[in-house]
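Report on the following structure.
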Amino acid sequence: MFFRKKEKEPIVEEKPKLVPLPSDDDGLVEFIQTIKKISGVDLTPKQDVIKHRLSYFAQAHSIATFRDLSNKILGDSLFRQEALNLVTVNETYFYRELLQLEIAVDFAKSLQGNIRILSAPCSSGDEVYSIGMLISQAGINIDRVSICGIDINSDAIKQGEEGIYSARSLHRLSNELRNSFFDPLGKDFKIKKRLLPKCEYKLVNIFDEDFLNLGEFDIIFSRNMMIYFDEAYRLKTIERFYKVLKDNGRMYVGHADLIPNSVLFDKNMIGRVVYYQKAKKYLD
Ligand SMILES: C[S@@+](CC[C@H](N)C(=O)[O-])C[C@H]1O[C@@H](n2cnc3c(N)ncnc32)[C@H](O)[C@@H]1O
């Protein structure tokens with residue numbers, strides 16, 4: 001039980017002093033390994049930025065070392081999500097690598113029946129809606145198409161669901177496209193979902209079990225995620241994509257994503273655009 005002192009002194013709450021994380025280098029290596037094990041993302045080249053970003057995060061949670069940070073990440077899923085949201089790079093925008101999107105939509109046009117498209121990772125949804133806009137302009141019946149965006153970053157997934165974007169995200173779009181597909185919302189823009197195929201978002205880590213429960217897809221986009229992975233994780237990633245790609249489906253990766261040599265996929269090209277198909281000898 002607490003008793004106030006008789007003399008009426010003001011009660012001053014002592015705030016913990018904010019001290020930057022010590023250069024706990026062993027702990028930092030362990031922390032980087034923990035993030036890599038969970039997500040595939042290799043933070044080694046970005047150590048300084050990460051150190052800086054995480055010191056404030058750790059202080060806010062009264063954590064003093066990177067080792068304690070790793071332990072908390074492993075034991076506390078909410079905390080893990082917050083940390084992943086901080087360390088992942090979500091840079092994206094509408095109509096990024098447009099030619100590749102157009103070639104993929106041409107392929108979609110050649111398909112019969114329902115078409116399932118996966119954007120893994122989708123970040124804040126710019127890629128998902130870009131594909132949706134191109135599908136709708138290509139004259140494909142939007143009711144035949146569904147686009148599923150997944151990402152490990154819950155803030156990004158939330159933005160995708162809301163569909164609200166800054167002018168910067170739309171900088172590649174003509175005024176005509178912007179006016180047709182978005183409603184102005186203050187200084188931002190809200191996507192008109194009713195003009196697009198069904199676009200859904202899921203918080204999924206490609207290395208988790210949930211990923212394999214997403215079903216099979218005709219088209220997979222995986223752009224600008226594997227650039228943050230090392231060779232071993234890139235290989236694991238394409239093995240997982242193999243499992244969710246339909247036999248006659250196609251996979252498109254970003255031009256900077258280095259796909260490891262694998263017997264699972266054949267590499268093909270249309271002009272300058274590369275796509276991958278399941279290797280024929282593994283299908284027979
Ligand atoms: C640079 S963005 C790419 C977005 C979009 N595909 C594009 O090219 O514009 C990379 C995304 O990969 C996500 N990511 C990283 N590791 C992941 C994992 N293991 N599972 C799912 N998403 C992951 C990050 O959260 C981030 O949003």
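The values are calculated or read from the model by the stated rules, or taken from the named source; none is laboratory data. Since the model is a prediction, treat every value here as computed from it, not as a measurement. We place every Cβ from the backbone using ideal geometry, glycine too, and count neighbours over all the protein chains shown. Note: areas computed on protein heavy atoms with side chains; ligands, DNA, RNA excluded. Shrake-Rupley method; radii C 1.70, N 1.55, O 1.52, S 1.80 Å.
Of all helices (runs of 4 or more DSSP H) completely enclosed by region 1-95, which ones contain at least 1 residues that are in contact with a strand residue (DSSP E or B) (Cβ under 8 Å, 6 or more places away or on another chain), modelled with pLDDT of 95 or more and within 26 Å of residue 157 (Cβ to Cβ)?
Hits in region 1-95: none.
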Would you check which residues across region 183-219 are more than 24 Å from residue 85 (Cβ to Cβ) and within 16 Å of the ligand (Cβ to nearest atom) and list them? 217, 219
Being part of a loop (DSSP other than H, G, I, E, B) and touching a Pro at 6+ places or on another chain (Cβ under 6 Å) is the filter here; which residues of region 225-267 pass it? 225
Does any residue in region 88-115 that is within 16 Å of the ligand (Cβ to nearest atom) come within less than 6 Å, Cβ to Cβ, of a residue that is acidic (Asp, Glu) six or more places away or on a different chain, and which pairs are these? 92/126; 93/126; 94/126
What pairs can you find where one residue is in region 198-213 and in contact (Cβ under 8 Å) with a residue 24 or more places away in the chain, the other is surrounded by fewer than 16 Cβ atoms within 10 Å (Cβ to Cβ) and small (Gly, Ala, Ser), and their Cβ atoms are less than 7 Å apart, with a gap of 6+ or different chains? 203/154
Residues located in region 110-132, provided they are out of contact with any Cys (no Cβ under 9 Å at 6 or more places or on another chain), under 9 Å from residue 160 (Cβ atoms) and among the hydroxyl-bearing types (Ser, Thr, Tyr): 123, 124
Would you call residue 152 within 16 Å of the ligand (Cβ to nearest atom), β-branched (Val, Ile, Thr) and open to solvent by 10 Å² or more (accessible area, probe 1.4 Å)? yes
Kindly check whether there is at least one residue in region 140-148 that is polar (S, T, N, Q) and in contact with a helix residue (DSSP H, G or I) (Cβ under 9 Å, 6 or more places away or on another chain). no
Residue 158 is checked against (1) over 26 Å from residue 45 (Cα atoms); (2) open to solvent by less than 10 Å² (accessible area, probe 1.4 Å) and fails just one. What number does that condition carry? (2)
